[in-house]
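I have placed the structure first, in the form of structure tokens, so that the comments after it can refer back to it.
The values are calculated or read from the model by the stated rules, or taken from the named source; none is laboratory data. If you're wondering where the values come from, they're calculated on a predicted model, not measured in any experiment. Note that we place each Cβ from the backbone using ideal geometry, even for glycine, and neighbour counts take in every protein chain shown. These area figures cover heavy atoms from the full protein model, side chains too; ligands, DNA and RNA do not enter into them. Shrake-Rupley method; radii C 1.70, N 1.55, O 1.52, S 1.80 Å.
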Amino acid sequence: MSVVSKGLGWVVLAVLVCAGCSSPATENTESLNRLAKASSPYLREHADNPVDWYEWGDEALAKAASEGKPLIISIGYASCHWCHVMEEESFMDTTVARIMNENFIAIKIDREERPDVDQVYIDAAQLISGRAGWPLNAFALPNGKPFYAGTYFPKDQWINLLSQITTAYKEDITNVRKQADAVTDGIVLNDMISPQGTAEQADILSVYNTIFAGWEPELDYLSGGLAGAPKFPMPVVWEFLLQEHKQNNNERALKVVSTTLDAMAAGGIYDHLAGGFARYSTDAEWRVPHFEKMLYDNGQLVSLYAHAYQLTKNEAYARVVEETLSFVGDELTSPQSGFYSSLNADSEGEEGTFYVWTKAGIEATLDTESAELFCDYFGVTEEGNWEHGKNVLYKQTQLEELAAKHAVTADAAILALEKSRKKLLEARNKRIRPSLDDKILTSWNALMLSGYLDAYWALGKPEYLDVALKNAEFLKKNMIRSHGGLWRSYTNGGPSIEAFLDDYAFLSLAFIELYQATFDIRWLEQARSLADYAIAHFHDSSTGFFYYTSNTSEQLVARKFEIADQVIPSSNAAMAEVLFKLGHYYESATYLDMSVKMVGSLSKDFTQSGPYFAKWASLMGLLVNEPFEVAVMGPDALEKSQLLMREHHPGMLLMGGESENLPLLENKLIEGETIIYVCQNKVCKLPVKSVELALKQLSNN
């Protein structure tokens with residue numbers, strides 16, 4: 001086996017040719033392995049593998065310890081294309097399975113159910129090879145300490161790697177253990193946070209004023225998004241820039257957000273037939289996606305487009321919101337009002353097959369004139385704009401240019417395109433559909449719940465509030481435990497897995513928003529209850545931050561913090577926002593102090609880490625500018641508050657109704673009248689009765 005000393009110890013370097021490693025054709029097996037009883041749909045997909053898979057847990061670790069075998073920890077998720085490729089190539093192969101079963105204890109993990117485990121071994125892969133992703137395949141001691149990790153391996157390379165690891169474990173166990181200790185130490189050091197200091201308001205202001213300038217080199221003003229490829233939507237980044245525009249009248253911030261939203265809505269990352277966004281674009285122009293559709297992306301993007309519509313009144317953004325929620329309602333909503341996790345990228349064994357078109361396929365579905373118009377608009381050619389003569393639909397030209405080319409009015413072109421869209425969608429729906437991951441995750445549902453509420457405020461459609469309320473009641477009934485904690489996942493009619501910090505943070509934020517939309521104090525009280533539980537079970541008093549896992553959950557080789565934003569915002573940043581908002585609602589110095597200290601102790605990282613601290617930057621903006629506290633009291637409170645929220649007011653704390661049930665509402669109820677109080681930093685402006693006057697007060701800050 002070839003190894004090289006590289007900082008952390010020995011690292012597998014060469015893939016050696018292994019004599020006798022060729023494999024016969026995959027054999028069918030009649031029996032199912034223990035994953036047939038797993039709660040995760042992704043794990044159940046592996047139930048027919050000849051690999052003797054275990055779920056993560058004491059049984060697998062004890063088995064490895066008793067037999068003296070290393071662990072294979074294979075992590076993926078249902079909509080991961082290369083996860084399915086590796087399964088077909090390797091895990092369904094009986095020769096590969098025999099090698100794995102004889103020499104390892106193999107564990108399969110759904111990263112969406114167990115992000116805590118995933119974080120540990122993602123860090124291991126980054127430390128060992130400098131890269132990570134999914135499928136993630138880690139090798140560990142029976143106690144879970146990793147000594148090697150990588151991503152996708154073709155079958156021959158996987159067999160060779162299994163052989164090398166087996167030899168090293170049997171013949172060089174001392175160095176294997178040294179490597180495992182070194183990698184584990186690195187994982188722990190990765191998350192080291194210095195004990196928090198105090199940050200003066202002036203320090204926070206000086207940092208805040210440099211954030212946008214520090215980000216600019218990473219922003220793509222031509223194609224939108226962050227510079228380079230692939231491009232991920234990263235909604236939290238554009239939310240901060242919308243806030244930056246609103247608070248500081250920064251036109252360049254609005255320009256890059258508008259460019260990004262326009263490009264995504266025109267690109268192949270958006271489903272132009274059914275609505276909804278794919279996970280990311282493989283190119284710099286948003287044209288060719290990885291075709292999986294994730295709930296967390298679509299929830300956040302609905303909120304982002306809704307906020308952009310409130311700010312710009314661009315009807316194209318409203319249409320994206322409506323079409324995306326139509327997709328979510330049709331394809332990602334359970335009969336019980338929970339939201340499913342994702343749609344796979346693959347169908348019929350290939351990525352994107354469900355979504356792409358040949359020109360001949362479009363011409364066979366539409367009449368000649370309609371087909372020509374549609375193909376011109378969406379860049380469809382005989383040769384194809386993707387692979388094997390296939391076309392991804394993305395807008396190739398402006399509507400006015402299209403109409404002029406075809407000698408029709410813009411209105412006529414719009415009508416013709418809409419008729420074609422419906423016909424093509426009907427034809428597409430007859431294809432074999434991508435598989436659905438029907439697990440219901442608390443944190444992702446909370447993001448979608450917030451999306452529906454933001455759409456309700458932006459567009460004023462009561463049906464969106466109805467969906468939000470039904471989802472909230474589902475989560476309250478099924479995911480909140482008797483002791484006040486949460487479950488992470490709901491599948492097969494029941495909940496499972498102890499929840500993580502993101503579940504508490506995002507659900508608390510969603511319940512705060514639901515209170516703002518309904519003035520039902522139950523939702524605000526529930527948000528406070530979840531926050532208090534998180535403080536009791538996740539908070540680290542030495543740093544002031546929150547661990548990702550509870551002190552009542554199983555302890556892994558490292559207990560980690562989640563600080564930076566990824567495609568989903570940082571759970572610590574979201575929890576800091578929860579504490580900030582609850583601190584204002586309940587006039588709690590304890591909550592506010594915790595939130596401010598979290599922001600202050602990270603403030604120096606904001607300019608160094610760029611857009612990956614966007615959620616923190618948004619909260620810092622609220623600390624610097626102080627949010628509006630708006631009380632709408634009286635019989636028409638809900639109606640007037642909804643009109644107020646038709647405009648974008650980042651961080652505004654809305655409250656009211658017909659009960660003085662919060663400190664800020666005391667002595668503000670006048671019988672028979674509806675009064676609006678606009679306050680900021682403990683100072684209230686003159687009470688007004690009209691929404692128009694209240695909006696003027698909000699704009700004349």
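Just grab the label-to-label distance for residue 102 and residue 350, each label 7 Å out from Cα along the Cβ direction, in nm (one decimal).
3.8 nm
Contour minus end-to-end for residue 608 and residue 398, with contour as 0.36 nm per residue of separation and end-to-end as the Cα-Cα distance?
Details: separation 210, 0.36 × 210 = 75.60 nm, distance 3.86 nm.
Extra length from residue 608 to residue 398 when fully extended: 71.7 nm.
With a Förster radius of 30 Å, plug the Cβ-Cβ distance of residue 461 and residue 422 into 1/(1 + (r/R0)^6) and report the FRET value to the nearest 0.05. The partial results should precede the final answer.
Working: r = 21 Å, r/R0 = 0.71.
For residue 461 and residue 422, the calculated efficiency is 0.90.
Using only the Cα atoms, what convex hull volume per residue in Å³ does segment 458-535 have? Could you put the intermediate results ahead of the total?
Numbers: hull volume 7.7 nm³, N = 78.
Measuring per residue, one finds 99 Å³ for the Cα hull of segment 458-535.
Would you tally the net charge around residue 398, using a Cβ to Cβ cut-off of less than 12 Å, leaving residue 398 out, and scoring K and R as +1, D and E as -1?
Values: positive: 395, 405; negative: 262, 376, 400, 401.
Taking every Cβ under 12 Å from that of residue 398, the sum is -2.
Using Cα-Cα distances under 8 Å and only pairs 6 or more residues apart, what relative contact order does segment 205-341 have, in percent?
Once normalised by length, the contact order is 20 percent.
Can you tell me which lysines have their Cα less than 27 Å from the Cα of residue 395? Leave out same-chain residues fewer than eight positions away.
231, 255, 293, 313, 359, 405, 419, 422, 423, 430
Considering only protein heavy atoms and a 1.4 Å probe, what is the carbon-and-sulfur percentage of the accessible area of the chain? Don't skip to the end; give the middle numbers.
Values: 13590 of 27510 Å².
Answer for the chain: carbon and sulfur cover 49 percent of the accessible area.
Counting helices only, and only those DSSP H runs with n ≥ 4, report the 222 nm mean residue ellipticity of the chain as the sum of -39,500 (n - 2.57) divided by its residues, in deg cm²/dmol to the nearest 500. Write out the running numbers ahead of the final one.
Details: 25 runs with 340 residues, N = 701.
Only helices count here, giving -15500 deg cm²/dmol.
Helix 521-538 versus the longest principal axis of the chain: what is the Cα-based angle in degrees, 0 to 90, to the nearest 10?
40 degrees
Measuring with a 1.4 Å probe in the full set of protein chains, what accessible area per residue, in whole Å², belongs to the chain? Spell out each step's value before the answer.
On the way: 27510 Å² over 701 residues.
Roughly 39 Å² per residue, with all protein chains present.
Cross-link candidates for residue 477: which lysines have Cα within less than 21 Å, leaving aside residues fewer than 8 places away along the same chain?
Once the sequence-local lysines are set aside, what remains near residue 477 is 439.
What lysines could a cross-link reach from residue 170, if we take a straight Cα to Cα line under 23 Å and drop same-chain neighbours fewer than 8 places away?
Qualifying lysines at Cα under 23 Å: 6, 63, 69, 145, 155, 178.
At 0.36 nm per residue, minus the direct Cα-Cα distance, what do residue 143 and residue 661 gain on full extension? Give it in nm, one decimal, please.
On the way: separation 518, 0.36 × 518 = 186.48 nm, distance 5.14 nm.
Length gained between residue 143 and residue 661: 181.3 nm.
Pop a pseudo-label 7 angstrom from the Cα along the beta-carbon direction at both residue 364 and residue 407 and give the gap in nm to one decimal.
3.1 nm
Quote to one decimal, in nm, the extra length available between residue 536 and residue 330 on full extension: 0.36 nm per residue of separation minus the C-alpha distance between them. Walk me through the numbers on the way to the answer.
Details: separation 206, 0.36 × 206 = 74.16 nm, distance 3.90 nm.
Contour length minus Cα-Cα distance gives 70.3 nm.
Any idea what the relative contact order of the chain is, in percent, if you count C-alpha pairs under 8 Å spaced at least 6 apart? Numbers along the way, then the final one.
Details: 1295 pairs, mean separation 79.8, N = 701.
Reported as a whole number, the value is 11 percent.
Would you list the P(r) distribution for segment 366-515, with all Cα-Cα distances sorted into 10 Å bins from 0 and each bin expressed as a whole %?
Answer for segment 366-515: a P(r) of 10, 25, 19, 22, 18, 5, 0 percent.
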